[in-house]
Amino acid sequence: MSRPRRPALFQNIALLSATLAITLGLSEVALRVIRPSGAGLMIQPAIYQADPEIGYRYRPGAEGTQLRNNEIRNAVRINSWGLHDIEPELEESRPRIVAIGDSFTAGLSTPVEQTWPRLLEHELAMRAPEARYQVLNLGLDGTGPREQIGLLEAFLPRTKPVLVLVGFFANDLEDASRPVMTRTSYRGFVLKFQHETQRSAMAKQVDRHLERRRLIWLHRSSHIVRVLFRVTRGRNDLFRTNFLKPDLIGDSVPFEARSIGLARLGASFARLRQLASQHGFAVIVLPVPALDEPTGSRTLLDELVWPTGLQRYDPLPEMRAAAQGNLESLYWRTDPHMNAKGNAAFARASAAAVLRERAR
């Protein structure tokens, strides 16, 4: 048999290489247009600092970007008070409302102007302009009432609220069932840990990862590579996320029994009522609906709030009305938090709760 002539072999290789390059190029373009969640990044802004009392808080003046599954890209800036809010300008003549809660209240997935506490101030300005309410957002993601009330207590001398709104989410029970956790920022990564041994192990893991500069560049530059890494390396690989938890270093955080978590939540709300009595402010607890279980927060809250005498206002009916039967429209497609429309609906329900309290 005669061997193929060398020029023909080179032509076939060139044709195959060109076809492969075109296919990869078109696939890359298609992925950038379609933007599948598997090709997205899960980046948390590195805006945290340790706090000896509540575990952590936002670092004043910190900046970063929150990325979620090719759907969310939000520039985050923390104000001089250490809050995800506009820069506060307190006027003694204006009554202040303080909002506390977790990530649903902090709103790192949306611009500050689209968080529900900021929209609440605008809503109240339209419905009750004579009241001149000022709203401050003390939301802190990843926390439960224990930490949120601790942060409120630290800000009470400066804020002097007439009303505190609590955005309560069902996973606050999970937060109450574990020890106080700390978050710090390290070389652009967020470390969440219980003790120094965990923090040190996470920092070393970040150092090793950052030595892989070429792979990091390739992953950030190519959606095809991101999909391949997602398939072969899983969801929580450091190429995809900058958020480290104990399970990423083969460790774990102990969880207490549900009864202990409930007891701690009850104690937190009792503490809040005590602070309200001492400082002369009212409290309204707002159960935040989850898309997959809209009544879950309300059901859990009913076990906790009524024994303490705190008021509860359910925003779910108004949110359902705003969604016109499509509750999914109030949430991101690939993230469980409320989008701008959801925050607006929650703000309107919160305004109704405030005005009801004002009329009492």
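All of the numbers you see were taken from the coordinates with simple rules; none came from a lab. For clarity, every value in this text was computed on a predicted model and none was experimentally measured. Cβ: placed from backbone, ideal geometry, glycine included. Neighbour counts: every protein chain shown.
Data table
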item: Reachable aspartates and glutamates, given that their alpha-carbon falls under 17 Å from the alpha-carbon of residue 245 and they are not under 8 places away in the same chain; result: 141, 174, 175, 196, 207, 237
item: Cα shape, the stretch 239-356, gyration tensor, a/c 1.5 rule; result: oblate
item: Length gained when the stretch residue 87-residue 65 is fully extended (0.36 nm per residue, less Cα-Cα span); result: 6.1 nm
item: Span from the the stretch 118-158 Cα centroid across to the the stretch 185-216 one, whole angstrom; result: 33 Å
item: For the stretch 249-255, Karplus couplings with θ = phi - 60° (6.51, -1.76, 1.60), whole Hz, Gly/Pro x; result: 10, x, 10, 8, 10, x, 10
item: Inter-label distance for residue 279 and residue 320, nm, one decimal - labels placed 7 Å from Cα along Cα-to-Cβ; result: 3.5 nm
item: FRET E, pair residue 231, residue 80, Förster distance 35 Å, beta-carbon r, rounded to 0.05; result: 0.20
item: Residue 53 versus residue 220: modelled label distance in nm, points set 7 Å from Cα along the beta carbon direction; result: 3.7 nm
item: The chain: most fluctuating residue of 162, 112, 285 per GNM, C-alpha cutoff 10 Å; result: 162
item: Full-stretch length increase - residue 299, residue 359 - with 0.36 nm per residue and alpha-carbon distance subtracted; result: 19.0 nm
item: Orientation-averaged projected area, Cα convex hull of the stretch 288-348 (nm²); result: 4.2 nm²
item: Mean Cα-pair separation over length for the chain, i.e. relative contact order, pairs under 8 Å, 6 or more apart, %; result: 18 percent
item: Theoretical FRET efficiency, 1/(1+(r/R0)^6), r = Cβ-Cβ of residue 328 and residue 14, R0 41 Å, to 0.05; result: 0.25
item: Shape category assigned to the stretch 82-169 from the gyration tensor of Cα positions, a/c cut at 1.5; result: oblate
item: Sites residue 127 and residue 291, calculated FRET efficiency, Cβ-Cβ separation with R0 25 Å, nearest 0.05; result: 0.35
item: In degrees, nearest ten, helix 116-127 long axis to first principal axis of the chain (Cα); result: 50 degrees
